[in-house]
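I have placed the structure first, in the form of structure tokens, so that the comments after it can refer back to it.
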Amino acid sequence: MAIEAVDTRTRSLRSRRQAEATGLGGVLRRLDWILLLSLVAVVGYGLWAIDGITKHDPGGSAASRQGLYAAVGGALFIAALFVDPGTYQRLRRPIYFGTLGLMGFVLAAGAVTRGSRRWIDVGFFTFQPSEFGKVLFVLALAGFLAERARQIGSPTSTLSALGYGLAPIVLVFVQPDIGTALVYTAALAAVLFVAGVRWSHLGILAALTVAAALAVLWLLPAAGMNVLKPYQAARLTGFTHPGNDPQGATYNLRQSITAVGAGGLRGRGILGATQTRLNYLPEHATDFAFASLAEERGFFGASILLLLYLLVVWRALKIVTGARDLYCAIVAGGIATMFLFQVFVNSAMTMGIAPITGIPLPFVSVGGSSMITNLMAMGILQAIHMRRPGRRRG
Amino acid sequence: MAKKSFGSRRFLPSDPRVEGPYRLTPQLAFRVAILAFLALAVFAVLLLRLWALQVLSGDRYLAQANDNRVRTLRLEAPRGPILDRNGHVLVTNVPGTRLELWPADLPKTWAVQRRELQALATVTGATVKSMLAELAATGSDPLTPVVVQRGLRQDQIDYLAEHTAEFPGVQTQDSYLRKYPYQSLAAQVLGYVGQISATEYARLGSKGYLATDAIGQAGVEATYDTYLRGRNGTAQLTVDSLGRPKGPATLQTQASPGEALRLTLDIGLQRAAEQALRYGINLAHTGAEGAHADGGAIVAMNPQDGAILAMASYPTYQPSIYVGRSDPQKLAPLLDPAKAAQANYPGINRAIDAAYPPGSTFKPVTALAAMQEGLVHPFDQLLCSANFKAYGQVFNNWTNLIHEWIDLPTALAMSCDTYFYELGRRFYVLPPDRGHPLQGWANRFGLGELSGIDLSPEVPGLVPTPEWRRKAYPVSQGFGPIDRTWKPGYSIQLAIGQGQLLVTPLQMTRLFAMIANGGNLVTPHVAEDVELTGTNGQPARILRRFGAQPAQPTGVDPTALRYVQLGLEEATHASFGTGSGVFGKFPVDIAGKTGSAEKNVTLPGYQYPQNLTQSWWCGYGPYNAPTIAVCAVIENGGHGGTAAAPAALRVFEHYFGKTATTSQHASD
């Protein structure tokens, strides 16, 4: 009797909390306002930065186009608030195989740009499934791991998660899009880590990853087997020796470091930033946006962006600790780590302390797929936060 | 109370039916802490690196950014030479220096930039206005140089070299200038080279042309630009913040020179034709009717394959005045419409781009068409008299000192107008279901349509038909229904090549080539092939042959053609032939026809048009095995025998290497 009474009470409490979360007032009350404000700040700052960076490009400022992407992303952000994360957990299989199917379709029918198949042309904009896939990948993997929450320590759990995770990574890798494959790998590591996989398993995986990287970059080429194309390998390892080959693989890197350094404390302004304006720094609106920002706005301008990113990461990790269940915790942890990884690899690459990959800088690099995906991921984080158990009222 | 019972829940044993409430395990908290620590470490690394680059080494990188300016230079490919059929070089290159502005390095403030451009204008002679226009035309790309002048003089180059510090963003580059060893010879055929215009660039930008490129603007320079231009090379040059080169440029891709273009022209014959044209104009001035002679054209063509041997147009110009564009005064007659009219349009190639009434040189067409349509038999005797009366009108013969019945060849030889008026009448009275066979045959012989020569612009001329007249004189524009109808006089005038009929000298040359070669219409062409000129006496390697296209049969009856040929030969040899006085004593047997076409011309300086006679002669030789067809037209030159025929004879004289024993004037 008593047990059942308590049970019904808990149930009614939970459903009341959920009802609270879906009404407009409830939504506003339960949002993570610090996260929301820092997101608004970082998106706005990114638009302002891109306006300055692309002002002298042949096509003119890309800020309005980017603003349109941000608006679409904002709509998805709001839509994500109203979806219970449990839905994603239930739909993990359709999500997972849908993502795989989309990536296979890109390989078969996508548009080739600069030698790789990453895009699908949907008329008004070319859509990059591997970019959207990042979030879907985390949602699906978290589902598989949460399912095995009780036996999370067993090697079978680790191996099956690994199996699910590697398939999309390989599909992205052969596009070829090494940068995004690295982001997927980081996300896989993050969900395993947050799900609670044994330290010993994580250690073995880390060792295997290092061994595989060494093999791909060094051992296999030495034995006459090239997994990567020579230019890919040169880009990945070039940052360790930027001095030689000034016009070749590390030309971009050298120009990027020069751009960052030349920015100084206060920046050179839009007109004075010759590296960006005179196009010495290629891809300054996308891959090397951070370097352009650093050149135009200096240490102050670049630090503001980094600190805003730190704020976002801090709030995201806080959401992990307040999550309703293990699934939500894994998703939040995966998104937070993925975000951190992208910020780090992109900005570090422009400063010569990470390999050159085509990873966009979240909320800054011009590109619809990246902007929309990142906003959607942040919406999911907020949705998790809104449904936290938290302190109860009344 | 709910609160209390909820709070006491933790003391209850766990029930498998109840979904276990999730709690943050210490293990997960620890792992999140690790992630947080990682995040802090990552941002610390990023900020430290940023600090190190921007604040600690900022000055060094700033200097590098200012210093590190790699420029891609365009190495101009020498343009291919143009040769005549015997390999004489008609157009070649001389090394020159061009002046470039690099927008990225020009002073940023308007006042300073203007001062610099003014100083540059004083040194080079280019105007500030033109330099600003060039800068604006190239658009916003700061790393594409703008060519403001080609062909700098050595003293100008030296001055700029000594004062580089005063001219940031100004650079001199090696380039090539067109050189014309034969000066004005064949100017309109060769064309010239000039800076690509905005409209041309819009059309050709996707085909690898750059906004700074030079491009063939007329003649074969334009038609065969893709072969002549070669491929530009590139080199990289590091410059400092003032745009001054630091060290030598490193070659990236070698420029590959343009290919040589071999023409079908014979430069000796071309010179003879141009001299003959001036001679014909001078001759015309001696006659009463040719006082206003001021222009003309001569075309010489191989009648078997359409190869143009000479193409002269007068007045002419020196293509070299386009080189470097150094003297606007000399260019005015070519570029400024008012000045061009004053100089009688030296830029126009009158052989293909001007149309005249053909006069009696059209009579072979009437003769052939009439025989083909069964309107006349070559030995039918028609009356040649002082005038021809029909439909209440009187049509005069060119001479009134005649009254005899003649056959067709004689009519051609005597150029008897009344004979052809009668043929014209017979065409007019044909029933409507027969169409307009005279115009039809004229079209079939290449009149009223483009010849397809590899030069432009070309005009098609006009062969008037009743349908054309109805379209050209619409009632809605105030023309009465009377003006729109085709009156008998039009057919009668058309038969002697008058009225609204207009032809180009090249079309007439093609017509006479057709008569000469037995009825086939050739496609005229001036380009023989493109080739790599052999060095050290090696033979040239032909890359692509343009050559002759097969002649198109016109379907004309060979027998009918034979009587026309006979008539043309009598015209130059019989005692009654209109050209016998000029060609009769020439050692080679030439056949041809004079023409004196009336045209209303408004001369420069006159308010009203006057009726002036266009002097024509067209023909070919040797009569039995023709190797050359020639057409000469002297604008306002009077009778064909007075000016055009003697001019054409000069061309034959040079071609056959023989001189006529006498050179009398003939009449029409």
| Under a Cβ-Cβ cut-off of 9 Å, what is the net charge of the residues other than B:Pro357 that fall near it, where Lys and Arg count +1 and Asp and Glu count -1? | 0
| Which shape class, rounded, prolate or oblate, goes with the stretch B:400-466 when its Cα gyration tensor gives a ≥ b ≥ c as root eigenvalues, a/c under 1.5 marks rounded, and past that a/b bigger than b/c marks prolate? | oblate
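Fewest to most neighbouring Cβ within 10 Å: what's the order for B:Asp158, B:Asp305? Spell out each step's value before the answer.
On the way: B:Asp158 11, B:Asp305 19.
With the sparsest Cβ surroundings first, the list reads B:Asp158, B:Asp305.
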| Each residue of the stretch B:37-47 in turn: what ³J(HN,Hα) in whole Hz from Karplus with 6.51, -1.76, 1.60 and θ = phi - 60°, glycine and Pro shown as x? | 4, 4, 4, 4, 4, 4, 5, 4, 4, 4, 5
| query | R0 = 25 Å: FRET efficiency of B:Asp174 with B:Val89, Cβ-based, nearest 0.05? | reply | 0.75
| query | Got a sec? Which residues in the stretch B:458-483 would a label at B:Arg434 touch, if it sits 7 Å along Cα→Cβ and we count backbone N under 20 Å? | reply | B:464-468
| field | Cysteines (scope the protein assembly as shown) whose Cβ has no counterpart Cys Cβ under 4.7 Å | value | A:Cys328
| message | For chain A, take every pair of Cα atoms, bin their distances at 10 Å starting from 0, and report each bin as a whole percent. | response | 5, 21, 31, 26, 12, 4, 1, 0
| task | Would you mind computing Rg(Cα) / (2.2 N^0.38 Å) for the stretch A:170-215, counting N as its residues? | result | 1.24
| query | So what's the stretch B:273-327 giving for Cα Rg divided by 2.2 N^0.38 Å, two decimals? | reply | 1.49
| Volume in Å³ per residue [convex hull over Cα atoms, computed for the protein assembly as shown] | 260 Å³
| In Å and whole numbers, how far do the C-alpha atoms of chain B stretch along each principal axis, longest first? | 140, 79, 55
| request: Would you mind giving the mean number of other chain beta-carbons within 10 Å of the Cβ of each residue in A:339-349, as a whole number? | output: 3
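Give the average, rounded to an integer, of partner chain Cβ atoms located within 10 angstrom of each Cβ in B:31-37. Please list the in-between numbers first.
Working: counts 11, 10, 2, 1, 11, 7, 0.
Rounded to a whole number, the mean comes out at 6.
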| remark: Here the stretch B:423-433 yields Karplus 3J(HN,Hα) values (6.51, -1.76, 1.60; θ = phi - 60°; whole Hz; Gly and Pro given as x) of 4, x, 4, 5, 5, 5, 7, 4, x, x, 5
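Which of A:Trp199, A:Trp48, B:Trp398, B:Trp617 comes first, and how do the rest follow, when ranked by fewest Cβ neighbours within 10 Å? Write down the numbers at each step before the final one.
Values: A:Trp199 10, A:Trp48 15, B:Trp398 18, B:Trp617 37.
Ranked by crowding around the Cβ, least crowded first: A:Trp199, A:Trp48, B:Trp398, B:Trp617.
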| task | Counting other beta carbons within 10 Å of each Cβ, put A:Leu205, B:Leu506, B:Leu210, B:Leu152 in order, fewest first. | result | B:Leu210, A:Leu205, B:Leu152, B:Leu506
| request: Any chance you could run the full-extension gain for B:Gln118 through B:Ala198? It's 0.36 nm times the residue separation minus the Cα-Cα distance, nm to one decimal. | output: 26.3 nm
| query | Between rounded, prolate and oblate, where does the stretch B:64-177 land on the alpha carbon gyration tensor, with a ≥ b ≥ c its root eigenvalues, rounded for a/c under 1.5, else prolate if a/b exceeds b/c? | reply | prolate
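Taking a threshold of 23 Å on the Cα-Cα distance, which of the pairs B:Lys179/B:Lys330; A:Lys55/B:Lys129; B:Lys487/B:Lys599; B:Lys389/B:Lys487 fall above it?
Details: B:Lys179/B:Lys330 17 Å; A:Lys55/B:Lys129 28 Å; B:Lys487/B:Lys599 19 Å; B:Lys389/B:Lys487 15 Å.
Distance filter (> 23 Å) returns A:Lys55/B:Lys129.
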| query | Considering amide H positions built from the backbone, and no H for Pro or chain starts, which residues 5 or more places from B:Ser175, or on another chain, come under 5 Å of its amide H? | reply | B:Gly96, B:Thr97, B:Arg98
| note | Counting only residues 5 or more apart in sequence or on a different chain, those whose built amide H sits under 5 Å from that of A:Arg268 are A:Glu296, A:Arg297, A:Gly298
| Using 7 Å Cα-to-Cβ label points, what is the B:Arg60/A:Trp33 separation (nm, one decimal)? | 4.8 nm
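For B:Lys207 and B:Gln549, calculate 0.36 nm times their separation in residues minus their Cα-Cα distance, and state this gained length in nm to one decimal. Display every interim value, and only then the final one.
Working: separation 342, 0.36 × 342 = 123.12 nm, distance 2.74 nm.
Length gained between B:Lys207 and B:Gln549: 120.4 nm.
Which FRET efficiency value, to the nearest 0.05, do you get for A:Leu271 and A:Lys229 by plugging their Cβ-Cβ distance into 1/(1 + (r/R0)^6) with R0 = 41 Å? Let's see the in-between values first.
Working: r = 38 Å, r/R0 = 0.94.
Once rounded, the FRET efficiency stands at 0.60.
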| said: Considering all projection directions equally, how large on average is the shadow of the alpha-carbon convex hull of the stretch A:290-387, in square nanometres? | reply: 6.4 nm²
| note | At the level of C-alpha centres, the distance separating the stretch B:356-410 and the stretch A:155-217, in angstrom, is 100 Å
| request: Report the local net charge at A:Ala187: Lys and Arg +1, Asp and Glu -1, summed over other residues whose C-beta lies under 13 Å from its C-beta. | output: 0
| field | Selected from A:Gln275, A:Gln151, A:Gln255 as most flexible by GNM, with chain A as the system and alpha-carbon contacts under 10 Å | value | A:Gln151
| field | Long-range HN-HN contacts of B:Val91 with modeled amide H, under 5 Å | value | B:Ile82
| request: Determine, for each peptide in A:35-46, B:642-653, the mean count of other beta carbons within 10 angstrom over its residues, then list the peptides with the highest first. | output: B:642-653, A:35-46
| request: Report the local net charge at B:Arg650: Lys and Arg +1, Asp and Glu -1, summed over other residues whose C-beta lies under 15 Å from its C-beta. | output: +1
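Would you please classify the overall shape of the stretch B:452-493 from the alpha carbon gyration tensor, given that a ≥ b ≥ c denote the square roots of the eigenvalues, rounded means a/c under 1.5, and beyond that prolate means a/b larger than b/c while oblate covers the rest? Please list the in-between numbers first.
Working: a/c = 4.34, a/b = 1.84, b/c = 2.37.
Verdict is oblate for the stretch B:452-493.
Looking at the protein assembly as shown only, what percent of DSSP beta bridges run antiparallel? Nearest 5 please. Intermediate results must be reported in sequence, preceding the final value.
Working: 86 of 89 bridges.
Around 95 percent of the beta bridges assigned by DSSP in the protein assembly as shown are antiparallel ones.
Work out, step by step, the length gained on full extension between B:Asn387 and B:Arg470: first 0.36 nm times the residue separation, then minus their alpha carbon distance; give nm to one decimal. Show your work: numbers first, answer last.
Details: separation 83, 0.36 × 83 = 29.88 nm, distance 2.97 nm.
My answer for the length gained is 26.9 nm.
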| request: Would you mind getting me the FRET efficiency between B:Ala52 and A:Leu214? Use the beta-carbon distance for r and R0 = 30 Å, nearest 0.05. | output: 0.60
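Bear in mind these aren't lab numbers, they're just calculated from the coordinates by the rules spelled out. Note that the structure is predicted; figures quoted are calculated from it, not measured. Reconstructed Cβ throughout: ideal geometry from the backbone, glycine too, with neighbour counts over all protein chains shown.
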